[in-house]
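Below you'll find the structure, written out as structure tokens, and then a few comments.
The values are calculated or read from the model by the stated rules, or taken from the named source; none is laboratory data. Values in this document were obtained by computation on a predicted structure and should not be read as measured data. No Cβ is skipped: glycine too gets one built from the backbone with ideal geometry, and neighbour counts run over all protein chains shown. Only protein heavy atoms, including side chains, enter the accessible area calculation; ligands, DNA and RNA are left aside. Shrake-Rupley method; radii C 1.70, N 1.55, O 1.52, S 1.80 Å.
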Amino acid sequence: CLSKGSVNNAVKIKDRLTFSPEIVTLPEVTQAIKEGMIKRLSDGNVNDAIIVKDQFLVATDVISSPEVQQSAKKGIVKQLSKGNIGDAVQIRDKFLLNADVAQDAAREGMQLLLLEGRSFDNAIKIKDQFSLSKEIVLQAAADAMSSLLSKGSFESAIKIKDQFQLSVDETAKAAKHAFLKCLADEKKEMAEKIKEKFRVSVNSEEILGFF
């Protein structure tokens, strides 16, 4: 039931039967529990993931396995990209053991949040909840700005620049990267617009080095 996504049915079966610690530690049972938890974490389904963890007394070595940790990271990124900061924090607190991985997930989630034009206030909440440094936040903002420019979303890119108060140098680097990416993608008209709007200056070595 767990590996196929039915948490309620799995819990009902557990409650009807006498689950000794020995049964829970059987390889096939442990694997089913692990797979069920991984699925829910990857989907960002924090409530069901916590039910699995608590109801089936999942061992620490299972929680700390690379597969579960990676799925927890995916869940955090997914929830943050939607602005669901509370759910992301729950995943971090209940499942993610490495602080560096949590910060990396927060950075990715923030960048996706910005790319989708979601609330600037949520980005600040992510910064506070995950203790992101100013440098990490500014880099995420600059990366989002560059990506938006390369897609032609000038208004959204400029909004990010203004909201995060990106410096002249940070803005220039973001614009240059977007310009080079457009050239690489053979979007010459877009590249020219970026170059004109942000007065991008590049030499032949920089262009060749990007490819």
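Worth a mention:
- Restricting attention to the range 103-146, the residues that are open to solvent by 30 Å² or more (accessible area, probe 1.4 Å), of a type in the set (Gly, Ala, Ser) and assigned to a helix (DSSP H, G or I) add up to 0.
- Elements of type helices (runs of 4 or more DSSP H) in the range 22-100, at least 2 residues being modelled with pLDDT of 90 or more, open to solvent by 70 Å² or more (accessible area, probe 1.4 Å) and within 26 Å of GLN111 (Cα to Cα): 66-81, 85-95
- Condition met for GLU155 (without any contact (Cβ under 8 Å) to a residue 60 or more places away in the chain, assigned to a helix (DSSP H, G or I), open to solvent by 70 Å² or more (accessible area, probe 1.4 Å) and closer than 23 Å to ILE194 by Cα): yes
- Residue match in the range 186-196 (condition: aliphatic (A, V, I, L, M), surrounded by fewer than 16 Cβ atoms within 10 Å (Cβ to Cβ), over 25 Å from LYS134 (Cβ atoms) and out of contact with any Lys or Arg (no Cβ under 7 Å at 6 or more places or on another chain)): no
- Of all the listed residues (GLU170, GLU205), the sole one being in a helix (DSSP H, G or I), charged (D, E, K, R) and modelled with pLDDT under 95 is GLU205.
- Residues of the range 153-201 classified as within 28 Å of the chain's Cα centre (by Cα) and at positive phi, total: 1
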